[in-house]
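Novice: Dropping the structure in here first, questions after.
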Amino acid sequence: MTKRHALGHLLAAIPPGMTRSLRLAHRGRYLTVLCYHRILERGADFPFDDDLVSASPAQFESELRFIARHWRTIDFRMLRDHVAREGRFPDRSLIITFDDGYLDNYEVAYPLLRKYDLPAVMFVTAGYMGKRRLFWWDRLAYVAKTASKRSASIEEPIRLSIDLDSFPGRQDAARHLIHTAKTLPDGDKELFIRRLAASFEVEIDESRFATTMGWSDLREMSAGGIEIGAHSISHPIFSNIDGDLLAHEVSQSKAVIEKELGREVISFGSPGRGRILDEEKERFEKTLRDLVVSSGYSFSTMYQWGLVYENEFDAFRIRRIGIESYDTPPVFRAKLSYPELMSY
Ligand SMILES: [Zn+2]
């Protein structure tokens, strides 16, 4: 058992109601926002990024049962209305969010959310809806996980030699390549993927894979209690693009989704940031926050981990708690009750 699991077991033994009362007494009301990506049963030959799978269907269902028992699940519209009406957060409130817009959100997560009558917010990548396109991290994972050649080397955009056998597993190699891509300017990242695929002699035929939702799926969910939020147009590495493109990605994703769904989009989920210096992070987040505000959103999630306290609430820097497929039930429960002890 790892330290993290031991801590999870210990903390999960404390009843959630008791934790909440103590927290309320010390810090006041708060909101819990969970971050999921994919809900999926992975086969042994799953060719994409395992790290984006947040739970298996059975695991997700047991998490929903726990949430339904102890929290009041809302979305950003309900939060906005409640705060406008009462001047404060609803008690015991929790928001379930999903990033990216994967098809399993509609096929697997949505029926389970309906079964437990829980709302959720799905932040979708507008330019990928209804298209057969693979996100950049899935293309890199596909190269690392399906290559029959063991090694490759490229000269552009960076010099890199990689031996797949030097990693414990193919997903580890994929993770290494994804981390490397996060250090590159976004345009170079595309060249990086193309050159690697060529060197490994892997053909990425995106038309073979339907991994993202279609607009009709989103319309159905929007009518069925799911709030659709924006998550950019093309999901570039957000800190590694220029200011004009950043502004376009933030404002146009809202416009495109609103046009397709005929409904206002009030929330923005910021796509992943690159690996940048701490002082750059601050400047980047301020620029991004300003763009989200000027684009007309009412809420956005940012890159911080933790709970959202009413007395220090910034609607444009909402913290979340990331849920992972390797979270055991005690770790999941501890993450919800003691997120500050369970962050990475
Ligand atoms: Zn994302």
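Novice: Give me the base-10 log of I(q)/I(0) for the chain at each q in 0.13 Å⁻¹, Debye formula, one uniform scatterer per Cα, rounded to two decimals.
Specialist: Summing over Cα pairs of the chain leads to -1.06.
Novice: Simple spin-label model, 7 Å along Cα-to-Cβ: Thr287 to Asp205 in nm?
Specialist: According to this spin-label approximation, the distance is 4.0 nm.
Novice: Here's a follow-up. Report the paramagnetic label zone for Glu310: residues of segment 67-91 whose backbone N is under 13 Å from a point 7 Å from Cα along the Cα-to-Cβ axis.
Specialist: The answer is 82-91.
Novice: Suppose a student asked you for the relative contact order of segment 131-213, using Cα pairs under 8 Å spaced at least 6 residues apart; what percent would you report? Intermediate results must be reported in sequence, preceding the final value.
Specialist: Numbers: 95 pairs, mean separation 40.6, N = 83.
About 49 percent, as a whole number.
Novice: Sticking with this structure for a sec: Of all beta bridges DSSP finds with both residues in the chain, what is the antiparallel percent, to the nearest 5?
Specialist: Close to 20 percent.
Novice: P(r) tail for segment 118-271, what percent of Cα pairs lie past 23 Å?
Specialist: Values: 5312 of 11781 pairs.
Cα-Cα pairs of segment 118-271 separated by over 23 Å account for 45 percent.
Novice: Among Ser267, Ser222, Ser207, which one moves the most in a GNM of the chain with springs linking Cα atoms closer than 10 Å?
Specialist: Ser207
Novice: Most exposed first by the Cβ proxy, i.e. fewest other Cβ within 10 Å, how do Asp242, Asp49 rank? It would help to have the intermediate numbers written out before the result.
Specialist: Numbers: Asp242 11, Asp49 24.
Listed from fewest to most nearby Cβ atoms, that is Asp242, Asp49.
Novice: Evaluate the distance, in nm, between pseudo-label points positioned 7 Å from the Cα of Lys115 and of Arg80 along their respective Cα→Cβ axes.
Specialist: In this crude spin-label approximation the distance works out to 3.1 nm.
Novice: While we're looking at this one, here's another question. Can you give the Rg to Rh ratio for segment 1-155, taking only C-alpha atoms and Rh from Kirkwood? Write out the running numbers ahead of the final one.
Specialist: On the way: Rg = 19.4 Å, Rh = 18.4 Å.
Computed over Cα atoms, the ratio is 1.05.
Novice: Rounded to the nearest 0.05, what FRET efficiency is calculated for Asp163 and Glu258 with R0 set to 45 Å and r the Cβ-Cβ distance?
Specialist: After rounding, the FRET efficiency stands at 0.40.
Novice: Given the rule -39500 (n - 2.57) for each run of at least 4 DSSP H residues, summed and divided by the residues of the chain, what is its mean residue ellipticity at 222 nm, to the nearest 500 deg cm²/dmol?
Specialist: Numbers: 12 runs with 144 residues, N = 344.
That calculation yields -13000 deg cm²/dmol at 222 nm.
Novice: Follow-up question, since we're still on this one. Assign unit charges at the C-beta atoms only (+1 for Lys and Arg, -1 for Asp and Glu), then state the dipole size of segment 1-122 relative to its Cα centre in Debye, rounded to the nearest 20.
Specialist: 980 debye
Novice: Of the lysine pairs in the chain, how many meet both conditions: Cα atoms under 26 Å apart, and a spacing of 8 or more in sequence or different chains?
Specialist: So the count of such lysine pairs works out to 20.
Novice: Given an 8 Å cut-off on Cα distances and at least 6 residues of separation, report the relative contact order of the chain as a percent. Let's see the in-between values first.
Specialist: Numbers: 594 pairs, mean separation 82.2, N = 344.
24 percent.
Novice: Compare the peptides 183-192, 15-24 by average per-residue count of other Cβ atoms within 10 angstrom and give them in order, highest first. Intermediate results must be reported in sequence, preceding the final value.
Specialist: Working: 183-192: 17.2, 15-24: 13.5.
Those peptides, ordered most packed to least, come out 183-192, 15-24.
Novice: For the charge dipole of segment 103-213, defined by +1 on Lys and Arg C-beta atoms and -1 on Asp and Glu C-beta atoms about the Cα centroid, which residue among Leu103, Ala120, Tyr142 has the Cα displaced farthest towards the positive pole?
Specialist: Result: Ala120.
Novice: Read phi for every residue in segment 32-41 and hand back ³J(HN,Hα) as whole Hz from Karplus 6.51 cos²θ - 1.76 cosθ + 1.60, θ = phi - 60°, with x for Gly and Pro.
Specialist: Values per residue, Gly and Pro as x: 10, 10, 9, 10, 10, 10, 10, 10, 7, 8 Hz.
Novice: In terms of the ratio Rg/(2.2 N^0.38 Å) built on C-alpha atoms, what value belongs to segment 136-207?
Specialist: Working: Rg = 10.9 Å, N = 72, 2.2 N^0.38 = 11.2 Å.
Normalised Rg, Cα atoms only: 0.98.
Novice: Next question, about the same structure. For the pair Arg65/Ala198, report the inter-label distance in nm, with labels modelled 7 Å from Cα in the Cβ direction.
Specialist: So the two model labels end up 5.3 nm from each other.
We did not get these values from a lab; they are worked out from the coordinates using the rules stated. Note that this is a predicted model, so its numbers are computed, not measured. Quick reminder, even Gly has a Cβ in these numbers, built from the backbone with ideal geometry, and neighbours come from all protein chains shown.
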